[in-house]
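Since every read-out is calculated from the coordinates, none of them should be taken as a lab result. Given the structure is predicted, the values throughout are model-derived calculations rather than measurements. Reconstructed Cβ throughout: ideal geometry from the backbone, glycine too, with neighbour counts over all protein chains shown.
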Amino acid sequence: QRSGRLQGKHFLVTAGGTREELDPVRYITNRSSGKMGYAFAQALLEQGASVDLISTVDLPVPVGANVIQVKSAESMLWALQDRFDEATGVVMAAAVADYRPAHIADQKIKKESGAPLILKLVENPDVIASLGKFKQHQYIVAFAAETNDLIAHAQVKLQKKNADMLIANDVSQHDAGFGVDTNRVTILKPGVANEVLALDSKINVAREIVRRMAADLTEGE
Ligand code: PMT
């Protein structure tokens, strides 16, 4: 029997970089390791929530999480859409590719020496903004991974993604963001002052944020 402030609540958590196929042997991706998303799954489970972890990576699964493996941004969107109505909230920690190859070649693309290879990319759907448009009760946590003007960019994303909370992540620092075990983030919420969290392990950062989500979600209960 579970206990914790989020008992009876259900979350969708995304983790890892999407893989956008180019041909049968190649894909385009990014530096996301999935660690931040897996830390959120763990922290939510610790508070008694149930978790669907929609993942592009293969990390040790937090005990009790239901993992759904996906690859591309589109397949991540479909996995979320199927489960969105029943969810209490979504934590969008995955690094979703903004673009994908316009065509997936059936055969391995051959090298033509001396000629540059020009790839045509098309825009991917904005996964969390698409869900945000249809949100009813769902609590949406989006992220912003930035290398410059962190808070200004994060503020725009908070609104654009219709998020209840935006985790701003300066990924230009060696001890925060992609791949490493630690993170340093600022929490933005509509209408309240921003909150800077100190550098800590990803699991502790996730626990701090989940504590704030739980406070918002159980207010008045
Ligand atoms: O996985 P780790 O190695 O542990 O690294 C953690 C992290 C740096 C990946 C994570 O903390 C983080 O910042 N994740 C968001 C990465 C990202 O895609 O940020 P963005 O600023 O490009 O996107 C803003 C938000 O919109 C994100 O919640 C993203 O998931 C979402 N998005 C982006 C593009 C798109 N087409 N669809 C989306 O839903």
Classified through the alpha carbon gyration tensor (a ≥ b ≥ c as square roots of its eigenvalues; rounded if a/c is under 1.5, else prolate when a/b is larger than b/c, else oblate), the range 141-221 comes out oblate
Per the C-alpha gyration tensor (a ≥ b ≥ c, the square roots of its eigenvalues), the range 138-178 is rounded if a/c is under 1.5, else prolate if a/b beats b/c, else oblate; here it's oblate
In degrees between 0 and 90, to the nearest 10, how far off the longest principal axis of the chain does helix 35-46 point, with axes built from Cα atoms? 30 degrees
With an 8 Å cut-off on Cα pairs and a minimum separation of 6 or more residues, tell me the relative contact order of the range 10-218 in percent. 20 percent
The range 49-106 versus the range 12-31: alpha-carbon centroid distance in Å: 11 Å
Using amide H atoms built in the peptide plane, which far-off residues or other-chain residues are under 5 Å from Ile68 H to H? Leu53, Ile54, Ser55
Residue among Tyr38, His10, Thr218 farthest towards the positive dipole end of the chain, charges placed on Cβ: Tyr38
How would you order 6-16, 210-220, 31-41, 67-77 from highest to lowest mean count of nearby Cβ atoms within 10 Å? 31-41, 6-16, 67-77, 210-220
What translational diffusion coefficient, in µm²/s and rounded to a whole number, does the Stokes-Einstein relation yield for the chain at 20 °C and a viscosity of 1.002 mPa s, taking the hydrodynamic radius as the Kirkwood radius over Cα pairs? 119 µm²/s
Per q in 0.11, 0.25 Å⁻¹, report the Debye log10 I(q)/I(0) for the range 47-128, using one uniform scatterer on each alpha carbon and no solvent. -0.44, -1.31
Loop-only check: which GluC sites (Glu not before Pro) in the range 84-151 are DSSP coil with at most 16 other Cβ within 10 angstrom? Glu86, Glu112
